[in-house]
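The values are calculated or read from the model by the stated rules, or taken from the named source; none is laboratory data. What you are looking at is a predicted structure, and each value in this text was computed from that prediction instead of being measured. All Cβ positions, glycine included, derive from the backbone under ideal geometry; neighbour counts span all protein chains shown.
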Amino acid sequence: MSRTTARQGTICILGAGPSGLMAATRAARSGVRVLLVDHARYPGKKLRISGGGKANITNLDISWKNYAGANPKFVHHALKTFSPKHMLDWLERRNIPVEQREYNQIFCKRSAEDVLTALLQEARNAGAQLLFSRRIEGASRTPDGKGFEIQTDAGSIACDFLVLALGSPAWPKAGATDLGARLACRLGHKIIPFAPALTPLIMPDDWALNGLSGISLLAGVSCGGHVFRQPVLFTHKGMSGPGMLQASLYWKPGMPITMDFLPQTKIKTEAEKWGKLRLVSLLCRTLPDRLAHKLLENPTIPNLSQLGERKVAELSREHWESIHAAIHAFTVTPRATGGMACAEAASGGVDTADISPRTMESRLVPGLFIIGELLDITGNLGGFNLHWAFASGAVAGNALAS
Ligand SMILES: Cc1cc2nc3c(=O)[nH]c(=O)nc-3n(C[C@H](O)[C@H](O)[C@H](O)COP(=O)(O)OP(=O)(O)OC[C@H]3O[C@@H](n4cnc5c(N)ncnc54)[C@H](O)[C@@H]3O)c2cc1C
C-alpha cells in the first residue's frame with residue numbers, strides 16, 4: 001500500500017526558527033495543510049540576535065568544507081538546491097538590503113528582524129497555521145504506524161508528516177532546548193552528543209598569557225588539524241574572537257591549540273630589517289606591547305626572558321628557534337569551553353547517516369523529516385549556519401510539497 005502523499009496529509013512542523021519557517025512556506029504553498037508549533041511567543045529568537053542583530057545570513061564562498069559533523073558532505077545536495085545566489089535572490093525579492101563584509105560574509109544592512117518578519121509573513125501568506133506559545137510534551141508514531149501524534153499543553157495534534165526543526169541547545173537564553181534530539185531519539189534515531197561550539201575557550205588559571213584581557217590581534221589558530229587566520233581576543237578567563245570561536249568547533253577536552261601571533265610575516269624576517277634593535281623593542285614594534293612582554297616571559301620556553309635586552313643581530317640560531325616557537329607556535333591546552341550559555345551553535349545532533357540528504361526524510365521512520373541545526377551538521381563562523389537552516393528547510397519543504 002502506498003503511503004499518504006504530502007499533498008493529502010497534514011504536516012506538523014515543530015520549531016519556528018529559519019529552518020522550520022522555510023520548510024513551512026515551501027510545503028504550504030502547494031496547498032497542503034501545515035501546522036507550525038513553537039513554545040516561544042515570538043519564535044526565531046536566534047535568527048533575531050544573529051550576527052549582533054544584523055544576521056550574517058550567508059557566505060559567497062560556501063561548500064561542504066565549511067561544515068563539521070560525522071559526514072559534512074551531507075550538505076552537498078542542499079547547498080546546490082539552495083545556494084548563496086538563491087539566498088541573495090530571496091533577500092532581494094523581499095527588499096532586504098545586505099552588505100558584503102570580509103571573508104565573503106553577507107550581512108543584513110538594517111536588521112536580522114527583516115529576515116524573520118519576511119519568513120513569518122510568508123509562512124502565514126502560504127496558509128501555514130502558526131501555533132505559538134505551545135509547550136510540546138511529546139511526539140510519537142500512531143499505533144497504526146501511518147502518522148504521528150504530538151502532545152502539547154493545549155491538546156494533541158494528529159499529523160501524517162512530522163518535521164523536527166527544533167535546533168540545538170546552544171544559547172538557551174534564546175529559548176533553545178534539546179527537545180528535538182530527545183524526540184528524534186525516542187523515534188529511533190541515533191544522537192551524536194551535543195557539545196558547545198563557536199564559543200570562547202577558557203584557559204588554565206596559570207597559563208603564560210594570563211592578564212592580557214582586552215588585547216585583540218590577527219592570529220593563526222590551529223586546532224585538530226584545522227587552521228584559521230582571523231582576529232582573536234584575550235578575555236578575563238581565556239580567549240575569544242572569530243579565530244578562537246572557529247577553533248572551538250573542533251576542540252575536544254585535552255586537545256592543544258597552537259597560535260601564530262604574527263601570521264602575516266616571520267619574526268626572523270622583521271629582525272633582518274631591524275638588526276640594531278633589542279629583541280624586546282623588535283617584539284613591541286610587531287605585536288601589542290603587553291603581549292610582547294608576556295611572550296618573552298613564557299616559562300615554558302627556557303631562557304627566553306634573558307634574551308629581551310640582547311640586540312637581535314647578536315642572537316644565535318638556537319635563540320631564534322625559541323623566539324620562533326614563542327611567537328609563531330604558542331601552544332596551550334584550554335581548560336574548557338565557555339559552555340552552551342555562550343555557544344553560537346552546538347556540534348552533534350541527529351546522525352545524518354539515517355537521513356536522506358535529498359529530502360531530509362528519515363530512512364528509519366517514513367514521514368519524519370529532520371532539518372537545521374538539530375542535525376549533526378555545524379557550520380564554521382561566517383554565515384554557514386543560517387545558510388544551512390534555510391537550505392535544509394527548503395529541501396524538506398520541496399519534498400513535502402511534491
Ligand atoms: C548569539 C548567536 C549569534 C549567531 N549568529 C549567527 C550568524 O550571524 N550567522 C549564522 O549563520 N548563524 C548564526 N548563529 C546560529 C544560527 O542562529 C542557528 O544556527 C540557526 O538559527 C539555526 O536555525 P534552526 O531553524 O535550525 O533552529 P533555531 O533557530 O534554533 O530555531 C528553533 C526553534 O525551535 C523552538 N524550540 C526550541 N525548543 C523548543 C521546545 N522545547 N518546544 C517548542 N519549541 C522549541 C525555538 O523557540 C526556535 O524558534 C548564531 C547563534 C547565536 C546563538
Check your understanding: Are there any pairs with C-beta distances below 7 angstrom linking a residue in the stretch 42-53 that is on the phi > 0 side of the Ramachandran plot to a residue that is part of a loop (DSSP other than H, G, I, E, B) and within 6 Å of the ligand (Cβ to nearest atom), with the two at least 6 apart or on different chains, and if so which?
Key -> 44/16; 44/17
Check your understanding: Got a sec? Which of 195, 158, 139 is in a strand (DSSP E or B), among the aliphatic types (A, V, I, L, M) and touching a Phe, Trp or Tyr at 6+ places or on another chain (Cβ under 7 Å)?
Key -> 139
Practice item. For residue 388, indicate whether it is among the aromatic types (Phe, Trp, Tyr) and under 27 Å from the mean Cα position of the chain (by Cα). Key: yes
Exercise for review: Hey, can you tell me all the residues within the stretch 161-192 that are assigned to a strand (DSSP E or B) and closer than 26 Å to residue 48 by Cβ?
Suggested key: 162, 163, 164
Review point. What number goes with the only condition from (1) within 28 Å of the chain's Cα centre (by Cα); (2) part of a loop (DSSP other than H, G, I, E, B) that residue 208 does not pass?
Key: (1)
**Study point:** Failed condition for residue 352, given (1) more than 16 Å from the ligand (Cβ to nearest atom); (2) not hydrophobic (A, V, I, L, M, F, W, C); (3) not assigned by TED's automatic domain parsing to the domain that holds residue 252
**Key:** (1)
Review point. Just checking, which of 60, 36, 47, 21 is among the hydrophobic types (A, V, I, L, M, F, W, C) and surrounded by fewer than 19 Cβ atoms within 10 Å (Cβ to Cβ)?
Key: 60
Point to revise | Set 70, 78: member being aliphatic (A, V, I, L, M), modelled with pLDDT of 95 or more and surrounded by fewer than 17 Cβ atoms within 10 Å (Cβ to Cβ) | key: 70
Review point. Can you find even one residue in the stretch 190-207 that is without any contact (Cβ under 8 Å) to a residue 40 or more places away in the chain and basic (Lys, Arg)?
Key: no
Exercise for review: Could you tell me whether the stretch 118-140 includes any residue that is in the same structural domain as residue 369 (by TED's automatic domain parsing), hydrophobic (A, V, I, L, M, F, W, C), modelled with pLDDT of 95 or more and touching a Pro at 6+ places or on another chain (Cβ under 7 Å)?
Suggested key: yes
Exercise for review: Tell me which residues, restricted to the stretch 352-369, are in a loop (DSSP other than H, G, I, E, B), touching a residue at least 60 places away in the same chain (Cβ under 8 Å) and farther than 16 Å from residue 180 by Cβ.
Suggested key: 357, 358, 366, 367
Practice item. Determine whether the stretch 1-15 contains at least one residue that is within 15 Å of the ligand (Cβ to nearest atom) and either among the acidic types (Asp, Glu) or in contact with a Lys or Arg (Cβ under 8 Å, 6 or more places away or on another chain) (or both). Key: no
**Study point:** Odd one out for residue 26, checked against (1) within 24 Å of residue 228 (Cβ to Cβ); (2) in a helix (DSSP H, G or I); (3) touching a residue at least 60 places away in the same chain (Cβ under 8 Å)
**Key:** (1)
Review point. Could you list, in sequence order, the residues of the stretch 370-390 that are out of contact with any Phe, Trp or Tyr (no Cβ under 7 Å at 6 or more places or on another chain) and assigned to a strand (DSSP E or B)?
Key: 370, 375
Study note, to complete from the structure: Output for Cβ contacts, cut-off 6 Å, separation at least six or different chains, first residue farther than 16 Å from residue 44 by Cα in the stretch 149-174, second part of a loop (DSSP other than H, G, I, E, B) and within 10 Å of the ligand (Cβ to nearest atom), reads 152/134; 153/135; 154/134
Study note, to complete from the structure: When restricted to 364, 368, 400, the only residue more than 12 Å from the ligand (Cβ to nearest atom) and out of contact with any strand residue (DSSP E or B) (no Cβ under 8 Å at 6 or more places or on another chain) is 364
**Study point:** Hey, residue 27 surrounded by fewer than 18 Cβ atoms within 10 Å (Cβ to Cβ) and touching a Gly at 6+ places or on another chain (Cβ under 6 Å) or not
**Key:** no
Review point. Is it the case that residue 251 is crowded, with 19+ Cβ neighbours inside 10 Å and more than 14 Å from residue 332 (Cα to Cα)?
Key: no
Practice item. Test residue 382 against the stated conditions and say whether it is within 12 Å of the ligand (Cβ to nearest atom), within 18 Å of residue 86 (Cβ to Cβ) and in the same structural domain as residue 91 (by TED's automatic domain parsing). Key: yes
Review point. Restricting attention to the stretch 83-90, does a residue exist that is in a helix (DSSP H, G or I), touching a Gly at 6+ places or on another chain (Cβ under 9 Å) and within 30 Å of residue 138 (Cβ to Cβ)?
Key: no
